[in-house]
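Written out below as C-alpha cells is the structure these notes cover.
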Amino acid sequence: MTTITSDTAPSYEDIPRLMSLQTGDEKHGAAATSTLDPLWVLYDRVLRVTPGTADDPGRDRFLLSKGHGPIAYYAVLAARGFFPEEWLSGFGGFGSPLGHHPDRTLVPGVEIGSGSLGHGLPIGVGVALGLRAQGLTEPKVWVMTGDAELDEGSNDEAITFAGLTGLDSLHAVVVDNASASHAAPGHLAARFAVAGWSARTVDGHDHEALHRAFTAPHAGRPHVVIAQVGH
C-alpha cells in the first residue's frame, strides 16, 4: 500500500484527484468541497500534528464537527500521510475504515467521531479545559463547524463559557455557506465577539487570507474565523 510521505506529498492541486477516488451516493460532495480550502490551509501551514505525532500529548487537536460529507477531510489526511491513499476508494464500503462520518477509533489522525450536529464545539471546550488542567499550554484546539450547525443550542453554552473563561487555546472555524435558518449579514462574527471571542471573517477560498486569520494574535481570548464560501 502507498502511504504518502513527505517526499511524495501531493500539492493542493492533487486533492481533487484524491477526492474523486471516493465514490457513492452518500458522499455529500458540495458539503465536502466547502470545507476543502480551510482544511488544506490548516493541515499544510498551521496545525502542529503529523502522522508521527498523532498521539503526542503536545500535538494540536483538530475536531471536525461538520462531519457529514468528509471526503475532503479524508483526502487531506491521506495527502498528509495519515493513512494509505488506497483506503480512499473504499469510502463508505462494508469493512472500510472510512465511513460516511469519521470514526476516531478507525481512522488515524481523527480526534473525534462525528454525527450529531452541535457537539464539536462543546467537546472542543472540554479538550481545551483538559489541556489547561494538565498544564499543557502549547497545544491548540481547532474545531470546524458549519454555519447551520450553530443553530443548535449547545453551541451557545460553549461559546459563552469559552469567552468567559478566556480559553485562548480554543479556535473555531465556521464554514459559512449561507445555509443557517436564522442568519443576518455579519451575525456570526458578532455572535462570538459579544461573548468575548476574537473574530475574523474572510473569503473561505483565499488561502492567504485564511492563513492570516488563523494565525492572528488573540491573547487571553478564544478565536473564531468565519470562512465565507457561499456568498
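Peptides 199-211, 94-106, ordered by how many other C-beta atoms sit within 10 Å of their residues on average, highest first, read 199-211, 94-106.
Taking all C-alpha pairs of the stretch 154-231, those more than 19 Å from each other amount to 33 percent. Think of it as helices only: each DSSP H run of n ≥ 4 in the chain is worth -39500 (n - 2.57), and spread over all residues that comes to -8500 deg cm²/dmol at 222 nm.
Per residue, the chain exposes 44 Å² of solvent-accessible protein surface, assessed with a 1.4 angstrom probe and all protein chains in place. Rg and Dmax of the stretch 89-205, both derived from C-alpha coordinates alone, stand at 15.6, 46 Å. Semi-axes of the equivalent ellipsoid for the stretch 55-118, computed as √(5λ) from the eigenvalues of its C-alpha gyration tensor and ordered from largest down, come to 18, 15, 10 Å. When every Cα-Cα distance of the stretch 113-152 is counted in 5 angstrom steps from zero, the calculated P(r) takes the values 5, 23, 28, 18, 13, 10, 3 percent.
In this simple spin-label model, placing a label point 7 Å from the Cα along the Cα-to-Cβ direction at both residue 12 and residue 208 gives a separation of 1.1 nm. The modelled label-to-label distance between residue 104 and residue 219, using points 7 Å beyond Cα along the C-beta direction, is 3.2 nm. Calculated on C-alpha atoms, the gyration radius of the chain divided by its Kirkwood radius gives an Rg/Rh of 0.94.
Helices in the chain that qualify as membrane-span-like (whole DSSP H runs, Cα extent of at least 15 Å along the helix axis, mean Kyte-Doolittle hydropathy of -0.5 or higher) are 29-41, 120-133, 154-164.
The values are calculated or read from the model by the stated rules, or taken from the named source; none is laboratory data. All of these numbers come straight from a predicted model, not from anything done at the bench. Counting neighbours? That spans all protein chains shown, and the Cβs are built from the backbone with ideal geometry, glycine included. Areas reflect the complete protein model, heavy atoms only, side chains present, ligands, DNA and RNA absent. Shrake-Rupley method; radii C 1.70, N 1.55, O 1.52, S 1.80 Å.
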